[in-house]
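Down below is the structure, laid out as structure tokens.
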Amino acid sequence: MNTSGRASQAAIDRAHLRTLMSREEASFISARPKSAALYERAQRSLLGGVPMNWMKKWAGNFPVFVAEAHGAHFVDVDGHEYVDLCLGDTGAMTGHSAAPAVEAISRQSKHGITLMLPTEDALWVGEELARRFGLPYWQFTLTATDANRFSIRIAREITGRPKILVYHYCYHGSVDESFISISDGVAAARRGNIGPPVNPTETTRVVEFNDLAALDAALAHQDVACILAEPVMTNVGIVHPDPGYWRSAAELARRHGTLLIMDETHTICAGPGGYTREHALKPDMFVIGKPIASGLPAGTYGCTAEVAEEITRRIHLEDCDTGGIGGTLAGNALSLAAMRATLEHVLTPQAFAHMIPLAQRFAYGVAEAIAASGLPWHVTRLGCRAEYLFRPHPPRNGGEAAAAADFELERFMHLYALNRGVLLTPFHNMALMSPATTEADIDLHTRIFGSAVKELTQI
Ligand SMILES: Cc1ncc(COP(=O)(O)O)c(C=O)c1O
């Protein structure tokens, strides 16, 4: 742990924190008998009592079961209403059940869901993706993970190189190659990596973000097919690139014959064209998933004309269905109808003009409360996403950000907010705005955050 991580942990009295946490847990349980009963029943049919293992990570003794969700709010089975600042960890950044998407989904679902044949919507979407994100050719998947996996395969195929490069503490979905981190200066499988097919050091090089010398040295081995990166790290708190970092990193990649894949699955929060468009970056490939179809399973990846030409030449018609890229349901009519509606009517420039000031408001309110409390924390923002970290200054890389993580404190902050009607992501302290989020929603969070830090610091 670095010194600023230690400083912020020392600022919290642990015994006091545990007393507050016990109080919050008791109040959570007593107010949610129906969720508790469903969770107990779920133990008999669902592994770990949840439909997907991450759902165990929510603060509280069990996950709240949802009755219904609309816009930026949802109601649980016990009748509590919440402001949703997690928004399905970006899958519902459009707001829950955004009306234009619901209309398109219900219309298309009456006219065929999947055929493994194209519909005209695919063209509209391809043309719009090219216009927004600046790359000419696109393919569809069901998840951002798959879009990353297929982009990596293409990069390997056309460069003839075995490895990829990722950043320490990155997250790009369940892409085997990416579960690597730096431990005591040495690359190793990331903690918690379940059943890796091979040791990830065989497939991957890993460096710290914002370290151009380390990047240069890693690429100099001439065995790296691609860099897979978020332009701003968002999965270990928000870590911005140094000014000029991406210009230099892209130049290094070009010089070493490595392709650059930008994963904008989260950084779409920067604006309608993602961070790359906002900052005029020029990746070779581009990935996005999660909110692109308003929460219906969909992902997509785009590439330059050069990449398109190289890969097209290598794929033979007879083998195109067994090459490890694609999927039966990928590019299905329903997802494409939802994607079209999302791009045309939901994640519009007007929506961002509403969402970004809300994230500014969130960051301003949290920063004021932090300053009033004297805690050595800070809040940072990327477009319509904001996040507070338990360290005084913004981190420059994943290692610094991870050193400030404090699981016990994080769970307290999340449960405190949940008990008072606000949902944050279960992974870190991220808040995301949707087109349906309001100033009142943000102000509710600000008040709750203020009272949480007051209780933490008044012993
Ligand atoms: C940056 C990034 N890329 C890709 C993914 C994978 O998305 P999915 O799990 O929907 O495949 C995630 C998921 O959190 C992500 O944060």
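The values are calculated or read from the model by the stated rules, or taken from the named source; none is laboratory data. Everything numeric in this text was worked out from a predicted model, so none of it was measured. Glycine also receives a Cβ, built like all others from the backbone with ideal geometry; neighbour counts cover every protein chain displayed. Each accessible area value is taken on the protein alone, full model and side chains, heavy atoms only, with ligands, DNA and RNA left out. Shrake-Rupley method; radii C 1.70, N 1.55, O 1.52, S 1.80 Å.
Annotations
- Out of ARG131, ARG153, sole residue that is within 16 Å of the ligand (Cβ to nearest atom), at pLDDT 95 or above and over 21 Å from the mean Cα position of the chain (by Cα): ARG153
- Residue match in segment 118-127 (condition: touching a residue at least 24 places away in the same chain (Cβ under 8 Å) and within 16 Å of the ligand (Cβ to nearest atom)): no
Residue-wise test of (1) in contact with a Ser or Thr (Cβ under 8 Å, 6 or more places away or on another chain); (2) open to solvent by 60 Å² or more (accessible area, probe 1.4 Å).
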{"site": "TRP54", "(1), (2)": "no, yes"}
{"site": "PHE65", "(1), (2)": "yes, no"}
{"site": "THR94", "(1), (2)": "yes, no"}
{"site": "LEU117", "(1), (2)": "no, yes"}
{"site": "TRP138", "(1), (2)": "yes, no"}
{"site": "LEU142", "(1), (2)": "yes, no"}
{"site": "ILE154", "(1), (2)": "no, no"}
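- Taking the criterion of being within 20 Å of HIS96 (Cβ to Cβ) and either more than 12 Å from the ligand (Cβ to nearest atom) or free of Cβ contacts under 8 Å to residues at least 60 places away in the same chain (or both), the residues of segment 273-296 that qualify are ILE292, SER294.
- If the condition is being in contact with a Lys or Arg (Cβ under 6 Å, 6 or more places away or on another chain) and within 23 Å of ILE292 (Cα to Cα), then segment 209-265 contributes only THR265.
- Of all residues in segment 67-88 being open to solvent by less than 20 Å² (accessible area, probe 1.4 Å) and of a type in the set (D, E, K, R), the one that is farthest from the ligand (Cβ to nearest atom): ASP76
- Any hit, segment 174-184, residues being among the small types (Gly, Ala, Ser), modelled with pLDDT under 95 and open to solvent by 10 Å² or more (accessible area, probe 1.4 Å): yes
- Under the condition of being small (Gly, Ala, Ser) and within 16 Å of the ligand (Cβ to nearest atom), the residues counted in segment 156-166 number 0.
- ASP121 of a type outside the set (Lys, Arg), more than 25 Å from the chain's Cα centre (by Cα) and open to solvent by less than 40 Å² (accessible area, probe 1.4 Å): yes
- Among residues of segment 17-29 that are over 17 Å from LEU456 (Cα atoms), those with a beta-carbon under 7 Å from a residue that is surrounded by fewer than 17 Cβ atoms within 10 Å (Cβ to Cβ) at least six positions away or on a different chain give the pairs PHE28/ASN61; ILE29/ASN61.
- Test: residue in segment 167-183 that is within 24 Å of the chain's Cα centre (by Cα), within 16 Å of the ligand (Cβ to nearest atom) and free of Cβ contacts under 8 Å to residues at least 24 places away in the same chain: yes
- All positions within segment 233-270 that are of a type outside the set (A, V, I, L, M), under 14 Å from LEU165 (Cβ atoms) and either modelled with pLDDT under 95 or within 12 Å of the ligand (Cβ to nearest atom) (or both): ASP263
- Pair list, Cβ < 8 Å and 6+ apart or interchain, from segment 41-58 residues that are of a type in the set (D, E, K, R) to residues that are at pLDDT below 95: LYS57/PRO426; LYS57/PHE427
- For segment 362-399, a residue qualifies if it is crowded, with 20+ Cβ neighbours inside 10 Å, within 19 Å of the chain's Cα centre (by Cα) and charged (D, E, K, R), and the qualifying residues are ARG381, ARG385, GLU387.
- Flag if VAL207 is touching a residue at least 40 places away in the same chain (Cβ under 8 Å) and within 15 Å of the ligand (Cβ to nearest atom): no
- Of all residues in segment 423-440, those satisfying the criterion of being open to solvent by less than 10 Å² (accessible area, probe 1.4 Å) and closer than 18 Å to ALA367 by Cα are LEU424, ASN429, MET430, ALA431, LEU432, MET433.
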